[in-house]
Amino acid sequence: MGMRKKIKNTGEIIKGKAKETTGKALGDETLERKGRAEKTKGKLQHVAEKGKDKLRR
C-alpha cells in the first residue's frame, strides 16, 4: 500500500472516531452516525488496499 493512501485511510479512521466520540459526548446521534460511517469507510479502504498489495506479490 502506498504511504499516501495509508495516511489518508488512517486519517479517515481517526476523523470518524473523533466525530463519533463527539457525537456521543454531546448526545448528537446524527454526528455519531456520520463518524461511525467515516470510520468504517476508512477501515474498508484500508482492507481493500491490503488486498491489492497481496495480489501484487
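The values are calculated or read from the model by the stated rules, or taken from the named source; none is laboratory data. Keep in mind it's a predicted model, so treat the numbers as computed, not measured. Ideal geometry is used to build each Cβ from the backbone, glycine not excepted, and the neighbour counts take in all protein chains shown. Side chains are part of the model used for accessible areas, which takes the heavy atoms of the whole protein and leaves out ligands, DNA and RNA. Shrake-Rupley method; radii C 1.70, N 1.55, O 1.52, S 1.80 Å.
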Could you check the range 25-55 and list, in sequence order, the residues that are open to solvent by less than 70 Å² (accessible area, probe 1.4 Å) and among the aliphatic types (A, V, I, L, M)? Leu31, Ala37, Ala48
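Every residue, every condition in (1) within 29 Å of Leu55 (Cα to Cα); (2) outside any helix (DSSP H, G or I); (3) in contact with a helix residue (DSSP H, G or I) (Cβ under 6 Å, 6 or more places away or on another chain); (4) of a type in the set (S, T, N, Q), yes or no:
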| residue | (1), (2), (3), (4) |
| --- | --- |
| Arg4 | yes, no, no, no |
| Asn9 | yes, no, yes, yes |
| Glu12 | yes, no, yes, no |
| Ala18 | no, no, no, no |
| Thr21 | no, no, no, yes |
| Ala25 | no, no, no, no |
| Glu32 | no, no, yes, no |
| Ala37 | yes, no, no, no |
| Gly42 | yes, no, yes, no |
